[in-house]
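Presented below is the structure to which this report refers.
Readers should treat all values here as calculations from the given coordinates under stated rules, not as data from a laboratory. Predicted model, so just to flag it, every value in this text is computed and none were measured. Note: ideal-geometry Cβ built from the backbone for every residue, glycine included; neighbour counts use all protein chains shown.
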């Protein structure tokens, strides 16, 4: 029998679905006494100006928002990663690099169209990720 998920990657973008993905993931990690990596991938177009104060502020704000969501939880079991680039590629790369057992993400992103059943980023991660992917609606 397969062991419970020991390391879960959560794709977070501030959307309602990613909030639900965060809740589900934290619950699963707690059950298995596992750890989580919460990742937010920001606008790739701005990655070319890393020293711009607005860029630094946006990254710090993204980090702070995630910190508020996990306030009171054991810090040693949670890692926050804020990065820039194409979310499709960055999430798959991070899942491979961290050797996670599970990726949890919303069906569509913050900017997704409601009539779309599954977003292109989610679809890409499902098809390219080396581990299981749990999609939250």
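Taking one quarter of the surface of the convex hull spanned by the alpha-carbon atoms of the range 7-117 gives a direction-averaged projected area of 7.4 nm². Annotation: peptides 73-79, 59-65, ranked by per-residue average of other Cβ atoms within 10 Å with the highest first, follow the order 59-65, 73-79. Packing here is the average count of other Cβ atoms within 10 Å per residue, and on that basis the peptides 12-19, 51-58, highest first, run 12-19, 51-58.
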